[in-house]
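So the structure is just underneath, and the comments pick up after that.
Read-outs: derived from the displayed coordinates by stated rules, not from any lab. As the structure is a prediction and not an experimental result, all values here were calculated from the model. Every residue, glycine as well, gets a Cβ built from its backbone with ideal geometry; the counts of neighbours run over all protein chains shown.
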Amino acid sequence: MTIANDSGTSISVWMRTRVPAYDDPLPVEARCDVCVIGAGIAGISVAHGACRLGLDVIVIDDGPLIGGETARSTAHVASAIDDRYYEIERHHGTAIAQLVAQSHAEAIDRIEANVAELGIDCDFQRVDGYLFVPPGRPLAELDRELAAAARAGLVVTMVDRAPLPFDTGPALRFEHQAQIDPVAYVRGLAAALDAREVRIRTGVHAREVIPTDDGVWIKLQGERRIFARHVVDATNTTITSRTRLPIRQAAYRTYVIAAEVPIGAVTPALYWDTADPYHYVRVARDVFGRELVLIGGEDHRTGQDVDPARHWKELEHWARARFPRIVRIVDRWSGQIMEPADGLAYIGRSPDLERVFIVTGDSGNGITHGTIAGIVLPELIAGRDHLYAHVYDPRRSKLRAVGSLVREAVSSATPYVDWLGGGDVLRLADIPRGGGAVLRRGVHLIATYRDDHGQLFECSARCPHLSGVVSWNPAEHTWDCPCHGSRFDPYGRVINGPANADLAPPPVRPLDRRELPRRERVSRSDEGAAELDYPPPTMRPLLPGT
């Protein structure tokens, strides 16, 4: 058993539940009908749907089961989506807005059915959702959303206030929403797949996806490979689309705190305000039986904040002013959100590769979007059409969101000027233990990390995706690319796409040509070959005292 965490040092309330390792080796060459890359809610939901159609499925992930963003969700299982329905209507029309509402409602129903059929203990609960306006902002947004959401088919009414311990003023009440423990739910789905002999393999990195006339080869580390008739890229950001999708969505970090409150102090429901960035709230129970209020928000572009930890402080300040019965803050974490330019997720055939299907653009609704992928993609793989396929088609027109595309493109391009800068610090001595910084060495920018023992490790600061300069994230101890959201651990190992390779080794330093001895270990991943323990070969350890 392992902890579901492979994307930072913070721990969500759900990560205290351990998950199976699924680390049995694959053969040198494996074959299947469908290979799913990514073992979060999207990948496991697609695998479950494909399995029910009788398809032979292999699921691979280079981290643990549910080790990515699913475990960092607050699991608002909602058809009242984060992108307002009046905006969906404006960009896509009423008919599409109705299908969006219908698809998210069906996703909630599918989760509820799976919980009942498979006996998954994941604290699934039907609740209402409430949208309210913060003080000083006009109520007109609620009126617009009320009309648009009703036209889309949601059961929504205006109420005097949301049932929170502070006066929200008028609020929209959305019925038939839900909440779950996302790790427990996906673990239950994975157990059902395992019982049906679906091969789930963790610790397996897909290096390359190569379509052919009759299928797709997936090259793995260690010269192993999988041949599949179809591939599903469920890696959150997609690793199979180098430019077309990354430029049509933007990566954001979002922050969450879990505050203990007396049992019954807060009414279970989903809550959102219309601030920018907005706040979101729900109630949960942890493994110790404590009642928690999960409070999130403070979103910003990934890699574009020098002090990300301050957002947890801001959330605590906001929460304590509104929830007077908070006992203590027990957990805090951050997650990655992919915001599509036109408000709709990308679920369908890849715009780049034949026989490849993708799911990305969660836009803060990853639980329902991942479940929608499990509804739609198996049907497309089986050669059938689906009612929602054209809504989420990744090949759809870009013209409906030209303004958003331009704004995000500017935000993505601006950090490239970092190549002209002098780095974060001038001397290695300026990097504290447990910290990282980018240094300039001639024409090169070097990402340098000092571990808790004082040992320094270096790698290139150039993101292997589209050559952005990574920045150190002290809140999660990761290197984050401010251009398109790729993320790497302190030693340069890739943990979030769209990059699919580690940070490169640094140029050799004239005075540091030697390397410290590296420890060998036998891998428990699918390759079965000897691998290097941390630090990986991409990051060069410097001699002590340098």
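Take the alpha-carbon positions of segment 323-366, form their convex hull, and give its projected area averaged over all directions (one quarter of the hull surface) in nm².
The number I arrive at for segment 323-366 is 5.2 nm².
If the rule is a partner Cβ under 4.7 Å, which cysteines in the chain fail it?
Cys32, Cys35, Cys51, Cys122, Cys459, Cys483
In nm, to one decimal, how far is the Val155 label point from the His176 one, both placed 7 Å along Cα→Cβ?
Taking the simple label geometry, Val155 and His176 are separated by 0.7 nm.
Excluding Leu65 itself, calculate the net charge of residues whose Cβ lies under 12 Å from the Cβ of Leu65, where each Lys or Arg counts +1 and each Asp or Glu counts -1. The partial results should precede the final answer.
Working: positive: Arg18, Arg187, Arg201; negative: Asp6, Asp23, Asp61, Asp62, Asp194.
Residues close to Leu65 contribute a combined charge of -2.
Which is the longest stretch in the chain that no exposed loop site breaks, taking sites as chymotrypsin sites (Phe, Trp or Tyr not before Pro) with a DSSP loop state and at most 15 other Cβ atoms within 10 Å? Can you show the working numbers first?
Details: sites that count: Phe166, Phe288.
After excluding every exposed loop site, the longest remaining stretch is 289-546.
For the modelled label position 7 Å from the Cα of Val330 along Cα-to-Cβ, which residues of segment 280-319 have backbone nitrogen atoms closer than 14 Å?
Flagged as within label range: 283-295.
With the contact rule set at Cα under 8 Å and sequence spacing of 6 or more, what percent relative contact order holds for the chain? Mind showing how you got there, number by number?
On the way: 1315 pairs, mean separation 94.1, N = 546.
In percent, rounded to a whole number, it is 17.
Sum up the charges of everything whose Cβ sits under 13 Å from the Cβ of Ile120, counting Lys and Arg as +1 and Asp and Glu as -1, but leave Ile120 out.
-3
Can you give me the C-alpha center-to-center distance between segment 309-332 and segment 59-73, rounded to a whole angstrom?
Going from one Cα centre to the other spans 27 Å.
Which of these values of volume of the Cα convex hull per residue in Å³ was calculated from the structure shown: (i) 162; (ii) 207; (iii) 149?
Read-out from the structure maps to (iii).
Quick check on the chain: helices-only [θ] at 222 nm, where DSSP H runs of length 4 and up contribute -39,500 (n - 2.57) each and the sum goes over total residues. Nearest 500, please. Before the final figure, lay out each step's value.
Values: 8 runs with 111 residues, N = 546.
Counting only the DSSP helices, I get -6500 deg cm²/dmol.
Excluding Ala97 itself, calculate the net charge of residues whose Cβ lies under 12 Å from the Cβ of Ala97, where each Lys or Arg counts +1 and each Asp or Glu counts -1. Write down the numbers at each step before the final one.
Details: positive: Arg84, Arg90, Arg151; negative: Asp83, Glu87, Glu89, Glu145.
Cβ neighbours under 12 Å give a net charge of -1.
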